[in-house]
Amino acid sequence: MSPGSSRTWWMPTTSQKGIQQWAPSSWHEQRPGTWMGPSHRQTVSINKAINAQEVAVKEKHARTCILGTHHEKGAQTFWSVVNRLPLSGNAVLCWKFCHVFHKLLRDGHSNVLKDSMRYKNELSDMSRMWGHLSEGYGQLCSIYLKLLRTKMEFHSKNPRFPGNLQMSDRQLEEAGENDVNNFFQLTVEMFDYLECELNLFQTVFSSLDMSRSVSVTAAGQCRLAPLIQVILDCSHLYDYTVKLLFKLHSCLPADTLQGHRDRFLEQFRKLKDLFYRSSNLQYFKRLIQIPQLPENPPNFLRASALSEHISPVVVIPAEASSPDSEPITDLVEMDTASQSLFDNKFDDIFGSSFSSDPFNFNSQNGMNKDDKDRLIERLYGEIAALKEELENFKAESARGMVQLRGRTSELEAELAEQRHLKQQAQDESEFLRAELEELKKQREDTEKAQRSLTEIERRAQANEQRYSKLKEKYSELVQNHADLLRKNAEVTKQVTAARQAQGDVEREKKELEDSFQRVSEQAQRKSQEQAEVLDTLKRELAASRQEMQVLQGTLESSTQVGAEQSTRIAGLEQERDSLSQAAEQHREEMAALRAELQQLQDTLSHEQESSKMELETLQTQLKDKQESRERALQQRLDEEQFALLQGTAREAERMVQDALSRLEDPAHISCTGSAGTHLSPACCLPADCLLSRTLAASECVERLQDAHSKYLSNHGAVGSLLPCLALFAHLVSDTLLQGSATSHVAPMEPADRLLEMCKQCGSEAVSYLSTLQDPGTVEGADCSLVMTCLGQISAIGEELRPRGLDIKQEELGDLVDKEMAATAAAIETAAARIEEMLSKARAGDTGVKLEVNERILGSCTGLMQAIHILVLASKDLQREIVESGRGAASPKEFYAKNSRWTEGLISASKAVGWGATVLVDAADLVVQGKGTFEELMVCSREIAASTAQLVAASKVKADKDSANLCKLQQASRGVNQATASVVASTKAGKSQVEEKDSMDFSSMTLTQIKRQEMDSQVRVLELENQLQKERQKLGELRKKHYELAGVAEGWEEDAAD
């Protein structure tokens, strides 16, 4: 083989899946063992991770990107590659970029955040751009970009928090710098952060069709994959928020943190629901173990509840690695090691000189070329085997590390639980120690109080003696004080008269002094004025003398000047002659210049007239062009506006047509019909919903008429017509569907009329929208027929609405008090009647009958006492509810405001009173032997149900921590126990009576027994038939009772509210 020939060798290359393979190459192209640089490998992984395919990001590519940031200590390579990707043009590409960037912020180098802050505004602009799309990945990308921006801002404001949010309790304390204001602000920022995480969580779930197994499809996994990072963030944020809130409650009043608690409860419910839904998805079960939050949120008002809090731990199991996520080895070290291994073996076989000259073109070492090829191929095979063993070993090591991490997480969870138990035991011991100290203090205080009581009694006796003496002294002082007051009154009268006389004298004296002072001031002013006049005259005399002297000097100087001026006049006359000659010459020159100027002016005026004519011509042409262009633009604008109106009207017509088609759709009819038949009267309010939709549609039609008239007067007002058209189509469609649903639960005749009117309304709406699409008929479009149809639908809906109680709201407060008082009176009357029946039974009955009657009446007495306690507790709770909820209003106003709740209380009170009366009547009949035991058991169960209704009505508006509510619940349990006692005693008495009245068949013949047997069978059949009929009758009665109770108490209106 010649030195210049190219020979093919097998070289190690990297496939698309990141696995090294052997491929033929030329020695002139690449040397064996050549490896790519870290930045180039990171660039390839970024391009493979962020692509337009709707599949989840492969873990190995994401891990290579993370290792690349640690290798270069930043994210310069990542952003240099991402800036060349069309993120604004492909939603899937932007979604996968957000996923990779989220991983880098969590697990990448700490400088990733610093290198990414300069692109924060670009992320915000991209979020707003994707937010305009309502389908596909548009909203997902917008919310994800907003979350990433929030995460960047949070970590930039709080640099103590790492990207993965893993901190110890001590580090969390240091983050707040022991300042309650810092902890308060940090909690608010964590709430905002967690809110963004939950928004992304909910948006992803709402974009998936949960009726299908979307988690096993590639598209579903593409959307669900980023939620793993969200779950990791949410678990830490929830834990830190709970700890910070407990710390804030230990430093600040509870009222100040009410907003924090409300916001936490809302996020707690959302996070619990999302964790539960995520744990049921097959995709997450093999990748991550999602923790479950406690059933109830922590009680921040109780400081010891912090010890009951268990931090949620997210565990990534060992089998979580997907098939395409093999552990990424250090390719640089592996390639270098393989290269050095290859060079050493090459030198051992061919010598160092051959290593320096691998082709050995200049010398021969005695070996055949084919032997060299086989040897090289064998060496490459050994290298490949060693690499495969190395990869297997590293994969096993990675799996072992993952298993150890999982075990570590489990041990940490167990350690946290043990710490929780330890803390709970410490809290209990501290609580018991505090109680012991408090008891000791109470004992000491009691002893001190007893000692002080004896001392106080002794002092009281001494004070009584002093009081008697002081009382005598006081009577003497009162008498002396009265005498002194009389003397003081007389002296005061004398002093007053003297003071009045002295005041008159002083006033006269003061008036004389004032008049004397005025006279003296006038004299002084006159003397001053005379002095000023004299000074003025002196100054004028001096000035006149000076002027006279000046005039004399001026006269002398003027004589001298006259001589000089005569000399100057002669010289000036000579100059005047010379100047007159020069002026004549100038006049001649000016005449010549005027002639030239006149000639130039004539030429200029001629040129101005010609240019003015040309300018007028050009202005006329320009004006014509502008007018034609404006007309064309206006026409084009009108056409585009009408096209926009046509498109909107066409879409609105499609919406209404779709609603009309769904009216005839069997699936829709069956769905709404089944839903209407299975709904109870308390929760089914189709007529009210129909009326609300009809009212909204009527208002929209009025706004549409105004917008249409504005459009006809000015076509530029199409902007106000388009939203009205869209809202009109939506509300009319909603009205049609609601009318169809209402017709399926209404009687036949109104249902037919309602369905027919809905179809007519839809047809009129379609006709109106069709006229808006034609330029010739748009001016004559009228929606008054649609308005008429809506009015008729509303009238039918009013017919179908149920009617409630005819009680004025002003009378509800009095009616509640009356019913509660009547219930208490009925219970007391029933208890008195039972006592009376018991005394009669003891006087007239003996034996088994007396025993049975005493047991039954005793249990009935216990039941009446329990009901009486329940009614009293209900009154106390009702009074507490009214006092806490009415504010500055009166109780009657509170009852009127909460009329439905008040009507429920009235109904429950009536039921309890009626049940007590019926129970006493049944017990009376049983004692007299005229009633049945079954009737007594039914009455007892009925009164228990009535009391349960009263308890439920009272608990609706009560505070869950109320002491009166606890008393009411205890009273309710007492009623249940008393009811069970009545039923048990009735059953026992029945069995005793039946044993006593058992028949004796010993004296009957065979024929008589056979006859009795046949009669018993006939009686059994009759009773079974009668039992079946009674059960049907009972079902119908309960159904009718439920309907009437719902109408009477206004359940439909409550549900509509």
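The values are calculated or read from the model by the stated rules, or taken from the named source; none is laboratory data. Computed from a prediction, not measured in an experiment: that's the story for all the values here. Here the Cβ positions follow ideal geometry from the backbone for every residue, glycine too, while neighbour counts run over all protein chains shown. With ligands, DNA and RNA removed, areas are computed over all heavy atoms of the protein, side chains included. Shrake-Rupley method; radii C 1.70, N 1.55, O 1.52, S 1.80 Å.
Is there a residue in region 174-195 that is modelled with pLDDT of 90 or more, among the aliphatic types (A, V, I, L, M), part of a helix (DSSP H, G or I) and exposed (fewer than 15 other Cβ atoms within 10 Å of the Cβ)?
Yes, region 174-195 contains at least one residue that is modelled with pLDDT of 90 or more, among the aliphatic types (A, V, I, L, M), part of a helix (DSSP H, G or I) and exposed (fewer than 15 other Cβ atoms within 10 Å of the Cβ).
Modelled with pLDDT of 75 or more, acidic (Asp, Glu), surrounded by fewer than 22 Cβ atoms within 10 Å (Cβ to Cβ) and assigned to a helix (DSSP H, G or I): is that true of residue 851 in this structure? If you could, list the steps in order and put the result at the bottom.
Values: modelled with pLDDT of 75 or more: no; acidic (Asp, Glu): yes; surrounded by fewer than 22 Cβ atoms within 10 Å (Cβ to Cβ): yes; assigned to a helix (DSSP H, G or I): yes.
Criteria not met by residue 851.
Quick one: residue 774 ticks every box in (1) more than 40 Å from the chain's Cα centre (by Cα); (2) at pLDDT 80 or above; (3) crowded, with 17+ Cβ neighbours inside 10 Å bar one, so which box is it?
It is condition (3) that residue 774 fails.
Within region 113-171, track down each residue that is of a type outside the set (Gly, Ala, Ser) and on the phi > 0 side of the Ramachandran plot.
First, pick out the residues of region 113-171 that are of a type outside the set (Gly, Ala, Ser): 113-115, 117-123, 125-126, 128-130, 132-133, 135, 137, 139-141, 143-155, 157-162, 164-167, 169-171.
Of everything in region 113-171, just one residue is of a type outside the set (Gly, Ala, Ser) and on the phi > 0 side of the Ramachandran plot, namely 165.
Return the only residue of 97, 154 being under 21 Å from residue 198 (Cα atoms), surrounded by fewer than 20 Cβ atoms within 10 Å (Cβ to Cβ) and not charged (D, E, K, R).
Values: 97 fails: surrounded by fewer than 20 Cβ atoms within 10 Å (Cβ to Cβ).
Going through 97, 154 in turn, the sole match is 154.
Which numbered condition trips up residue 600, out of (1) touching a residue at least 60 places away in the same chain (Cβ under 8 Å); (2) open to solvent by 100 Å² or more (accessible area, probe 1.4 Å); (3) of a type outside the set (D, E, K, R)?
Here residue 600 clears every test but (1).
So which of 263, 286 ends up being within 22 Å of the chain's Cα centre (by Cα), at negative phi and open to solvent by 30 Å² or more (accessible area, probe 1.4 Å)?
On the way: 286 fails: within 22 Å of the chain's Cα centre (by Cα).
On inspection, the qualifying residue turns out to be 263.
Quick one: residue 103 ticks every box in (1) under 22 Å from residue 165 (Cα atoms); (2) open to solvent by 50 Å² or more (accessible area, probe 1.4 Å) bar one, so which box is it?
All conditions pass for residue 103, except number (2).
For residue 252, indicate whether it is assigned to a loop (DSSP other than H, G, I, E, B) and surrounded by fewer than 18 Cβ atoms within 10 Å (Cβ to Cβ). Talk me through it step by step, then tell me what you get.
Working: assigned to a loop (DSSP other than H, G, I, E, B): yes; surrounded by fewer than 18 Cβ atoms within 10 Å (Cβ to Cβ): yes.
Yes, satisfied.
Going by the structure shown, is residue 183 of a type in the set (A, V, I, L, M, F, W, C) and without any contact (Cβ under 8 Å) to a residue 24 or more places away in the chain? Walk me through how you get there before you give the answer.
Numbers: of a type in the set (A, V, I, L, M, F, W, C): yes; without any contact (Cβ under 8 Å) to a residue 24 or more places away in the chain: no.
No, not satisfied.
Identify all residues within region 603-639 that are more than 30 Å from residue 775 (Cα to Cα) and open to solvent by less than 80 Å² (accessible area, probe 1.4 Å); write none if there are none.
603, 605, 610, 611, 617, 620
Can you pull out the residues in region 205-237 that are open to solvent by 40 Å² or more (accessible area, probe 1.4 Å), part of a helix (DSSP H, G or I) and either touching a strand residue (DSSP E or B) at 6+ places or on another chain (Cβ under 8 Å) or of a type outside the set (A, V, I, L, M, F, W, C) (or both)?
Matches in region 205-237: 206, 221, 236.
In this structure, is residue 279 surrounded by fewer than 19 Cβ atoms within 10 Å (Cβ to Cβ), more than 22 Å from residue 105 (Cβ to Cβ) and without any contact (Cβ under 8 Å) to a residue 12 or more places away in the chain?
Numbers: surrounded by fewer than 19 Cβ atoms within 10 Å (Cβ to Cβ): yes; more than 22 Å from residue 105 (Cβ to Cβ): yes; without any contact (Cβ under 8 Å) to a residue 12 or more places away in the chain: no.
Spelling it out, it is not the case that residue 279 is surrounded by fewer than 19 Cβ atoms within 10 Å (Cβ to Cβ), more than 22 Å from residue 105 (Cβ to Cβ) and without any contact (Cβ under 8 Å) to a residue 12 or more places away in the chain.
Could you say whether any residue in region 713-720 is among the polar types (S, T, N, Q), touching a helix residue (DSSP H, G or I) at 6+ places or on another chain (Cβ under 6 Å), crowded, with 22+ Cβ neighbours inside 10 Å and in a helix (DSSP H, G or I)?
The initial filter retains those residues of region 713-720 that are among the polar types (S, T, N, Q), namely 713-714, 720.
With the extra rule that they be touching a helix residue (DSSP H, G or I) at 6+ places or on another chain (Cβ under 6 Å), the set shrinks to 720.
Among the residues that remain, those that are also crowded, with 22+ Cβ neighbours inside 10 Å are: none.
No - not one qualifying residue is present in region 713-720.
Just for region 130-149: of the residues that are at pLDDT 90 or above and open to solvent by 30 Å² or more (accessible area, probe 1.4 Å), which one is nearest to residue 111 (Cα to Cα)?
The qualifying residue nearest to residue 111 (Cα to Cα) is 149.
Looking at region 289-310 only, could you name the residues that are part of a helix (DSSP H, G or I) and open to solvent by 30 Å² or more (accessible area, probe 1.4 Å)?
The first filter runs over region 289-310 and keeps only residues part of a helix (DSSP H, G or I), leaving 303-308.
Passing the criteria: 303, 304, 306, 308.
Specify which of the listed residues (685, 691, 679) is in contact with a helix residue (DSSP H, G or I) (Cβ under 8 Å, 6 or more places away or on another chain), more than 19 Å from residue 648 (Cβ to Cβ) and modelled with pLDDT under 80. Quick ask: steps written out before the conclusion?
Working: 691 fails: modelled with pLDDT under 80; 679 fails: in contact with a helix residue (DSSP H, G or I) (Cβ under 8 Å, 6 or more places away or on another chain).
685 is the lone residue from the list that is in contact with a helix residue (DSSP H, G or I) (Cβ under 8 Å, 6 or more places away or on another chain), more than 19 Å from residue 648 (Cβ to Cβ) and modelled with pLDDT under 80.
Would you kindly identify the helices (runs of 4 or more DSSP H) lying entirely within region 75-119 that contain at least 3 residues that are β-branched (Val, Ile, Thr)?
Working: elements: 76-82, 91-107, 111-116.
Answer list for region 75-119: 76-82.
Under 6 Å by Cβ, and 6 or more places apart or on different chains, what pairs join a residue from region 64-82 that is within 13 Å of residue 105 (Cβ to Cβ) and open to solvent by 10 Å² or more (accessible area, probe 1.4 Å) with one that is at pLDDT 90 or above and of a type outside the set (Ser, Thr, Tyr)?
66/107; 66/108
Starting from region 699-727, take each residue that is modelled with pLDDT of 85 or more and list its partners that are in a helix (DSSP H, G or I) and open to solvent by 70 Å² or more (accessible area, probe 1.4 Å), counting only C-beta distances under 7 angstrom and pairs at least six apart or across chains.
Cβ pairs passing all conditions: 724/703.
Taking residue 167 as meeting all but one of (1) in contact (Cβ under 8 Å) with a residue 60 or more places away in the chain; (2) open to solvent by less than 20 Å² (accessible area, probe 1.4 Å), write down the number of the exception.
(2)
So in region 752-767, with the set limited to residues that are without any contact (Cβ under 8 Å) to a residue 40 or more places away in the chain and open to solvent by 10 Å² or more (accessible area, probe 1.4 Å), which one is nearest to residue 694 (Cα to Cα)? Break it down stepwise before answering.
Just the residues of region 752-767 that are without any contact (Cβ under 8 Å) to a residue 40 or more places away in the chain, to begin with: 752, 756-757, 760-761, 764, 767.
Among the residues that remain, those that are also open to solvent by 10 Å² or more (accessible area, probe 1.4 Å) are: 752, 756-757, 760, 764, 767.
Working: 752: 18, 756: 16, 757: 12, 760: 14, 764: 15, 767: 19 Å.
The qualifying residue nearest to residue 694 (Cα to Cα) is 757.
Considering each residue of region 699-714, count those that are among the small types (Gly, Ala, Ser) and under 38 Å from the mean Cα position of the chain (by Cα), and give that number.
So the answer is 1.
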